Amino acid sequence: MNESPIWRIKYLPKSLDEISGRENIRNRLREIIQNRNFPHLLFIGSEGIGKTTLARLFAKEFLGRYYDANFKLVHADVPLTSEERSQARSDAYVSTSKIGSMAGKRITTPAFIQVKIKPFVQLKVLGDVPFKILIVKNFDALGSNQQGFRRLMEIYGSNCRMILITTKISGIIDPIVSRCQLFLVPQVDFKSFSNLIHKIADEESLKIKDKVIEVLYKISKGKLSRAIDILQVSSSQGNTIDMNTLYENTRKFENELVRSLILLSFKGKFSKAREQARKIVSDYKFSSHELFTELLKVINKLPLSIYARIKLIDMIADADFRAIDGRDDDIQISTLLAKISKYAECM
Amino acid sequence: MAQKNKMEIPWVEKYRPVSLEEMALPTAKLNRQKVDLADELKNFIKSFFKEIKTINEKNKKIKAYNRTVSEKKQKEEKKLPTEKAAVLLEGQPGIGKTSIVYALANDLNMEVVETNASDTRTRDTLEAKLKETSKSRGIMDFITESKKKLILIDEVDGIYGTKDRGAVPAIMDIIKDTQFPIILCANDYKSNLSSLYNMIKRYEVHPLSNQEVVKITESIIKKEDIKNIKKEDIELIIEKNAGDLRGVINDLQAISHGAKKDDKDTQDLIYSLHRDTTEEIFGLIRDLFQKVGTLNEARSLTNKSDVDYNFLYKWVNENLPTFINQTDERAEAYENLSIADKIFGRIRNNMEWSLLPYFFDLFAGGVAIASKNKSSGFRRVSFPRYSSSASYSLNNAEKALIKKIRKQYSISQMEALRDFLPFLRILTNISRRKLKEVTDFLDLNTKEKNLLK
Ligand SMILES: Nc1ncnc2c1ncn2[C@@H]1O[C@H](COP(=O)(O)OP(=O)(O)O)[C@@H](O)[C@H]1O
Ligand SMILES: [Mg+2]
């Protein structure tokens, strides 16, 4: 197979052993693999630190060569396609020609569970493993459908164990938390981080000092994929990665588009700003709320007086608030940009 | 000949859904709470027949008893509470209210007895048509097991004027002692109907989501094998009809006959299908920004015009920066437009049509009078280009690209879009060689490659 030209894929760990740090968790998981048994699991940890990688590799080692047939990963935050939704609708209807008390009735299972989860958990285990494994990412996004999911955990638990993944435990209902063994996935420790970076540096013949690695560790906030991305982009300027190259290249990762959107508004270049806003919204599929959140992040980083900052935050909040009722996001976004321009003019 | 006739069936009839199970159901609210309309209606029918049976049996006994006693001692016959006898579906035209009723009847194997705005609805005609149905459960009905009936009084808000005098009280009487369930449909709230509305449950029916409409449209396009309609045209049609599915389907049928290769033509055709032709809108926008100086002038301008306001305010948004380019005036104009949009949302979400005058004043007058120094001279008016519905769903190239990424690297669609793709853009920007390596690795075609720019 071709080697990936994208480092974050190239250096993806291929087994539990290859995962950096998290010794404790890995040991607990290895024990489970030995014992051939585990309850439902709940992985909690901040965004992008490797919860899914951990869970997937665990499942892979647990299921061994029966992995493909007995493993599934679903994203709770990805909306169903319209085909899937109509599938759910027709599945949920028991035909009047069927016999029994449910004939002609509608089963009120949430569509997501009906389509994405049920078919998998109902199917029997294939091969010599004690049960199947289902990973549900961003489980909190299920919202009120968690109750329905909980019944599934009970009914099909012996056939399929679930690994739920979330960034915020507060988004998960108590009955589910209480049915799971919890794993708090921490950020990778500096020592392991540094080892990994050294390994990649060796492999790619880069020179990078420990001091620089320390900075990289801080910048990437524990997101290994981000750290590797930055490293790769920096390496295009030469084999030595020093502070300067690092900073210079990190800046590319800050959402430049959003930053320049604000700067354009500051300069009163309204039409350009609106163009830019539309591009961001359509490239990233942002809702207006998400765009406003991004703007807020940038505003907080800009060197502004406290008064200006508060004023701008107030404007963003107001726009966000109006967009809840409003019908046309573009109008609310444009309004904010127009107001920022006006404010900047008298600043 | 037969071929020709077949072609001319209006598509709105040809593609009217026949079963609730197979149709996209619009969101509905009862007392501002979301409800499942299919369940609600089925339960309504079921409980109607159950309760009417009990009541009829009781009344039989009461009648028998009454025959044995003097008039003074007679008991009154029982009646079904009106909110169990009839329900109202309320919502803008063309969103599927009538279709739902027919699909429901079909699913439950019932026969629909309908009156609508095309009938003259005086007390007499209504009674002639409905009272017979609603009262008679003659002996024949039981012997022949004829289909149960469902009474549909469509477009009730179309009852008005001297012609339809007495119709509303007649409907109320019919509801009070019907032997069959009644569903009423209406577009708008009319104050002369309030006593009628107060006696029954009112379901607010909302338009289908744009995604659902796109799906329905696509399936028709497929079945009719239409080749000359582009995705942008469909989006424009949907946007223009603002929730009116009937309008969408009608436009589609018209365009399938008329569209030419050139997409400019198709777009013009879409506009010309509506009374508000492009020219009219252009003129209106120019007048609004360049001539109007007072609220009253703005009002008379929008009142005079036939242009659909659902759409007009998007034109105002698109063209505002062209006509108002002073920073503070622009901010003020936008402030008013933004409040107009917020009010419009409330109107559409809660059917608060009484707020409409504020919306008009703000999006037209409020915007126009924000500029003191009117721009003069020719300005190009542009079509609203931004469609909020289109931006949330992935286009085909994006879908294909993400699929290819996911072949190599297991991440969710959102992570791909928001985390990985931006990185790929940075990475492939470095050099042509990098770009080539990545496109080779992911096996991208030109279209997908362009997304990395
Ligand atoms: N859920 C749906 N799926 C497919 N087509 C629909 C659906 N709802 C409505 N339609 C189409 O839209 C047209 C208009 O619907 P209709 O029931 O007449 O609307 P209303 O009674 O609300 O004015 C119908 O003729 C039908 O072709
Ligand atoms: Mg109708």
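The values are calculated or read from the model by the stated rules, or taken from the named source; none is laboratory data. Note that the structure is predicted; figures quoted are calculated from it, not measured. Please note: Cβ atoms are built from the backbone with ideal geometry, for glycine as well, and neighbour counts cover all protein chains shown.
In this entry, B:K97 is excluded by the filter for residues that are more than 16 Å from ligand 2 (Cβ to nearest atom), at pLDDT 90 or above and under 20 Å from the mean Cα position of the chain (by Cα).
State whether the residues of region A:233-250 include one that is buried (at least 17 other Cβ atoms within 10 Å of the Cβ), under 20 Å from A:A338 (Cα atoms) and either within 13 Å of chain B (Cβ to nearest Cβ) or touching a Lys or Arg at 6+ places or on another chain (Cβ under 8 Å) (or both). No - not one qualifying residue is present in region A:233-250. Select from region B:400-416 the residues that are at pLDDT 85 or above and not hydroxyl-bearing (S, T, Y) and list them in ascending order. Hits for region B:400-416 are B:A400, B:L401, B:I402, B:K403, B:K404, B:I405, B:R406, B:K407, B:Q408, B:A416.
The rows are residues; the columns are (1) within 20 Å of B:V112 (Cα to Cα); (2) among the β-branched types (V, I, T); (3) within 14 Å of another protein chain (Cβ to nearest Cβ).
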position: B:P181; (1), (2), (3): yes, no, no
position: B:C185; (1), (2), (3): yes, no, no
position: B:D188; (1), (2), (3): no, no, no
position: B:S195; (1), (2), (3): no, no, no
position: B:Y203; (1), (2), (3): yes, no, no
position: B:P207; (1), (2), (3): no, no, yes
position: B:I216; (1), (2), (3): no, yes, yes
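Inside region B:342-453, counting only helices (runs of 4 or more DSSP H) that do not spill past its ends, which hold 1 or more residues that are under 26 Å from A:D328 (Cα atoms), under 30 Å from the mean Cα position of the chain (by Cα) and within 10 Å of chain A (Cβ to nearest Cβ)? Correct list: B:388-392, B:396-408. In region A:211-218 there is at least one residue matching the filter, namely being over 25 Å from the mean Cα position of the chain (by Cα) and more than 14 Å from every other protein chain (Cβ to nearest Cβ).
Conditions tested, residue by residue: (1) basic (K, R); (2) more than 16 Å from ligand 2 (Cβ to nearest atom); (3) more than 32 Å from the chain's Cα centre (by Cα).
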| position | (1), (2), (3) |
| --- | --- |
| B:F49 | no, yes, no |
| B:T54 | no, yes, yes |
| B:I62 | no, yes, yes |
| B:R67 | yes, yes, yes |
| B:G91 | no, no, no |
| B:Y102 | no, no, no |
| B:M110 | no, yes, no |
| B:D124 | no, yes, yes |
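Of all residues in region B:207-222, those that are more than 15 Å from ligand 2 (Cβ to nearest atom) and not in a helix (DSSP H, G or I) total 1.
The rows are residues; the columns are (1) closer than 23 Å to B:K97 by Cα; (2) away from ligand 2 (no atom under 16 Å from the Cβ); (3) at pLDDT below 75.
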residue: B:C185; (1), (2), (3): yes, no, no
residue: B:D188; (1), (2), (3): yes, no, yes
residue: B:Y203; (1), (2), (3): yes, no, no
residue: B:K240; (1), (2), (3): yes, yes, no
residue: B:L252; (1), (2), (3): yes, yes, no
residue: B:T266; (1), (2), (3): no, yes, yes
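Scanning region A:317-347 for residues that are part of a loop (DSSP other than H, G, I, E, B), within 8 Å of chain B (Cβ to nearest Cβ) and not basic (K, R) yields A:G326, A:D328. Can you tell me which residues in region A:33-63 are farther than 16 Å from A:P13 by Cα and either out of contact with any helix residue (DSSP H, G or I) (no Cβ under 7 Å at 6 or more places or on another chain) or not hydrophobic (A, V, I, L, M, F, W, C) (or both)? Once the filter is applied, which keeps residues that are farther than 16 Å from A:P13 by Cα and either out of contact with any helix residue (DSSP H, G or I) (no Cβ under 7 Å at 6 or more places or on another chain) or not hydrophobic (A, V, I, L, M, F, W, C) (or both), region A:33-63 yields A:Q34, A:N35, A:R36, A:N37, A:P39, A:H40, A:L41, A:G45, A:S46, A:E47. Take B:K63 and tell me if it is in contact with a helix residue (DSSP H, G or I) (Cβ under 6 Å, 6 or more places away or on another chain), away from chain A (no Cβ under 14 Å) and more than 16 Å from ligand 1 (Cβ to nearest atom). Spelling it out, it is not the case that B:K63 is in contact with a helix residue (DSSP H, G or I) (Cβ under 6 Å, 6 or more places away or on another chain), away from chain A (no Cβ under 14 Å) and more than 16 Å from ligand 1 (Cβ to nearest atom). Screening the candidates A:I133, A:I113 for the property of being at pLDDT below 85 and either in a loop (DSSP other than H, G, I, E, B) or within 23 Å of the chain's Cα centre (by Cα) (or both) yields one hit, A:I113. Here region B:79-108 is the region considered, the condition is being out of contact with any Ser or Thr (no Cβ under 9 Å at 6 or more places or on another chain) and away from ligand 1 (no atom under 16 Å from the Cβ), and the residue that is farthest from B:E212 (Cα to Cα) is B:K79. Being under 27 Å from A:F43 (Cα atoms), polar (S, T, N, Q) and either over 21 Å from the mean Cα position of the chain (by Cα) or not in a loop (DSSP other than H, G, I, E, B) (or both) is a condition met by at least one residue of region A:181-192. Here is the figure for region B:278-319: residues that are under 10 Å from B:G365 (Cα atoms) and assigned to a loop (DSSP other than H, G, I, E, B) total 3.
Of everything in region B:21-43, what is within 16 Å of ligand 2 (Cβ to nearest atom) and either β-branched (V, I, T) or within 13 Å of chain A (Cβ to nearest Cβ) (or both)? Give them in sequence order. Of everything in region B:21-43, those that are within 16 Å of ligand 2 (Cβ to nearest atom) and either β-branched (V, I, T) or within 13 Å of chain A (Cβ to nearest Cβ) (or both) turn out to be B:M23, B:L25, B:L37, B:L41. Remark: B:N192 matches the filter, which requires a residue to be modelled with pLDDT under 85, over 13 Å from the mean Cα position of the chain (by Cα), among the polar types (S, T, N, Q) and away from ligand 1 (no atom under 14 Å from the Cβ).
In region A:1-31, the residue that is nearest to the other protein chains (Cβ to nearest Cβ) out of those that are under 13 Å from A:S225 (Cα atoms) and among the charged types (D, E, K, R) is A:R8. Just one of the numbered conditions (1) surrounded by 20 or more Cβ atoms within 10 Å (Cβ to Cβ); (2) more than 13 Å from ligand 2 (Cβ to nearest atom) is not true of B:T82: (1).
So is A:D174 modelled with pLDDT under 90 and away from chain B (no Cβ under 14 Å) or not? Considered against the rule, which asks whether it is modelled with pLDDT under 90 and away from chain B (no Cβ under 14 Å), A:D174 comes out as yes. For region B:372-382, indicate whether the set of residues that are buried (at least 16 other Cβ atoms within 10 Å of the Cβ) and of a type outside the set (A, V, I, L, M, F, W, C) is non-empty. Checked region B:372-382: no residue is buried (at least 16 other Cβ atoms within 10 Å of the Cβ) and of a type outside the set (A, V, I, L, M, F, W, C). Of the residues screened, B:V112 is one that is within 16 Å of ligand 1 (Cβ to nearest atom), away from chain A (no Cβ under 14 Å), free of Cβ contacts under 8 Å to residues at least 60 places away in the same chain and closer than 30 Å to B:N31 by Cβ. Applying the condition of being touching a Ser or Thr at 6+ places or on another chain (Cβ under 9 Å) and aliphatic (A, V, I, L, M) to region B:314-338 and asking which residue is farthest from A:R322 (Cα to Cα) yields B:I324. Quickly run through region A:157-199 and pick out the residues that are free of Cβ contacts under 8 Å to residues at least 40 places away in the same chain and β-branched (V, I, T). A:I173, A:I197 - these are the residues of region A:157-199 that are free of Cβ contacts under 8 Å to residues at least 40 places away in the same chain and β-branched (V, I, T).
Those helices (runs of 4 or more DSSP H) of region A:1-101 in which 3 or more residues are over 24 Å from A:K118 (Cα atoms) and either modelled with pLDDT of 90 or more or among the β-branched types (V, I, T) (or both) occupy A:7-10, A:23-35.
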